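Below is one structure, written out as structure tokens, with a few remarks after it.
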Amino acid sequence: MFGMGPTGVKRNADCEWDDFDPEAYYNHNYRDLREDDRYIIEQVRDHFSAVFGNGVPDHGLRGIDVGTGSNLYPALTMLPFCAELTLYERSMNNIRWLEKQKSNDCPSWADSWHKFWDVLVERPAYWQVANPAIQLAKLMDPVPGSVYELAPDTPYDVGTMFFVAESITAEQAEFRSGMDHFLDALAPGAPFAIAFMEHSSGYEVGDHQFPATDVDRAKVSDCLRDRVRDVRIKHIGRGTNPVRNGYSGMLIALGRVNGGLDEGTRTPA
Ligand SMILES: C[S@@+](CC[C@H](N)C(=O)[O-])C[C@H]1O[C@@H](n2cnc3c(N)ncnc32)[C@H](O)[C@@H]1O
């Protein structure tokens, strides 16, 4: 159950995020590898592999996934490149679920994540992780917090945010703020991947209803335009097996934050 802001638009603070049911969410969305997620993983895998040159950087990077919920695959896309992986999440139920994954070498690995990893190991950078379940459990650091207050002392080198900025509020200004805070948390030149539900009318998890902002490619592009380079936004249709009602597809935005030592080598967006 959630309330509503004075304008009648459901805002982030109006929702009971601590009641988010991570098992219900995981079972519905990630117990099997869907074709839309497979496509997204391929795109993110190739993007990070291209930026990091298919190898592992000399020193491990600091990565962040914002609004992780019970989805470990965004973190897996960053695994070979990172020495630290912050999983930043507002819901204490989700933090507890993530802590359980960390303390038990990812008990959900055998249920599903190995299928997602199989897509990642089609590229050489991922071959270097001998045991991804153990490596992820070792590196992941679940951190409670709100994206609207995300302001790290040291910006992150790589980041992901999947189905969060538009799926935690119905208010356009908050959507924009979530996007801005995520991009602000990344270092100049940092590669990122951001996934969105397109034209979402909100969603149910267990017994709880959560809001969404109605976004499309133009709105996503508008948030990114002045802040990032080499950006590509890809659309994924609903296909024959949509994950739920009330959305028209998914979007995946890939790019790099403006600035960085190699900016001179940029290609036009
Ligand atoms: C639709 S789920 C997406 C979960 C996951 N990233 C995925 O790919 O499926 C939205 C997530 O954002 C989290 N969330 C809600 N408000 C947030 C906030 N202000 N800051 C960070 N995370 C938030 C929720 O608890 C939930 O885990």
Query - Out of Arg232, Arg225, sole residue that is over 21 Å from Glu42 (Cα atoms) and loosely packed, with under 15 Cβ neighbours inside 10 Å - result: Arg225
Report summary line: If you go through Arg90, Arg62, the only one that is more than 16 Å from the ligand (Cβ to nearest atom), of a type outside the set (Val, Ile, Thr), more than 24 Å from Asp111 (Cα to Cα) and at pLDDT 95 or above is Arg62
Query - Residue satisfying condition, being farther than 20 Å from Gly159 by Cα and in a loop (DSSP other than H, G, I, E, B), within set Lys10, Lys100 - result: Lys10
Report task. Kindly indicate whether any position in segment 55-67 is in a helix (DSSP H, G or I) and closer than 30 Å to Glu149 by Cα. Result -> no
Query raised in the report: Where residues in segment 169-191 are crowded, with 24+ Cβ neighbours inside 10 Å and within 14 Å of the ligand (Cβ to nearest atom), which of them is farthest from Val9 (Cα to Cα)?
Result: Phe182
Query raised in the report: Of the conditions (1) small (Gly, Ala, Ser); (2) at pLDDT below 95; (3) under 19 Å from the mean Cα position of the chain (by Cα), Gly255 fails just one. Which one is it?
Result: (2)
Report summary line: Reported set for segment 78-90 where residues are under 15 Å from the mean Cα position of the chain (by Cα) and of a type outside the set (D, E, K, R) is Met78, Leu79, Leu85, Thr86, Leu87, Tyr88
Report summary line: Restricting segment 74-113 to residues that are touching a Leu at 6+ places or on another chain (Cβ under 6 Å) and among the aromatic types (Phe, Trp, Tyr), the one surrounded by the fewest Cβ atoms within 10 Å (Cβ to Cβ) turns out to be Trp113
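For residues that are among the charged types (D, E, K, R), under 25 Å from Glu204 (Cβ atoms) and surrounded by 20 or more Cβ atoms within 10 Å (Cβ to Cβ), tally how many sit in segment 36-73. Before the answer, list the steps.
Taking segment 36-73 and keeping what is among the charged types (D, E, K, R), we get 36-38, 42, 45-46, 58, 62, 65.
Going one step further and asking which of them are under 25 Å from Glu204 (Cβ atoms), we end up with 36-38, 65.
When the remaining residues are screened for being surrounded by 20 or more Cβ atoms within 10 Å (Cβ to Cβ), the result is 37, 65.
Within segment 36-73, residues that are among the charged types (D, E, K, R), under 25 Å from Glu204 (Cβ atoms) and surrounded by 20 or more Cβ atoms within 10 Å (Cβ to Cβ) number 2.
State whether the residues of segment 83-96 include one that is part of a helix (DSSP H, G or I) and more than 20 Å from Asp18 (Cα to Cα).
No: zero hits.
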Report summary line: Condition set away from the ligand (no atom under 14 Å from the Cβ) and part of a loop (DSSP other than H, G, I, E, B), scope segment 204-236, selection nearest to Gly260 (Cα to Cα): answer is Arg227
**Report entry** Residue match in segment 44-57 (condition: away from the ligand (no atom under 16 Å from the Cβ), at pLDDT 95 or above and acidic (Asp, Glu))
**Finding:** yes
Requested in this report: Output the residues belonging to segment 239-259 that are surrounded by fewer than 19 Cβ atoms within 10 Å (Cβ to Cβ) and either among the polar types (S, T, N, Q) or touching a residue at least 40 places away in the same chain (Cβ under 8 Å) (or both).
Outcome: Gly239, Thr240, Asn241, Val243, Arg244, Asn245, Gly246, Ser248, Gly249, Asn258, Gly259
Query raised in the report: Any chance segment 139-150 includes a residue that's over 22 Å from Met78 (Cα atoms), polar (S, T, N, Q) and within 13 Å of the ligand (Cβ to nearest atom)?
Result: no
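Can you say whether Lys219 is within 16 Å of the chain's Cα centre (by Cα), at pLDDT 95 or above and basic (Lys, Arg), as far as the supplied structure shows?
Working: within 16 Å of the chain's Cα centre (by Cα): no; at pLDDT 95 or above: yes; basic (Lys, Arg): yes.
It is false that Lys219 is within 16 Å of the chain's Cα centre (by Cα), at pLDDT 95 or above and basic (Lys, Arg).
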Query - Residue check for Ser201: more than 14 Å from the chain's Cα centre (by Cα), among the small types (Gly, Ala, Ser) and in a helix (DSSP H, G or I) - result: no
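The values are calculated or read from the model by the stated rules, or taken from the named source; none is laboratory data. These numbers were taken from a predicted model, which means no experiment stands behind them. Don't worry about glycine lacking a Cβ; one is built from the backbone with ideal geometry, like all the others, and counts go over all protein chains shown.
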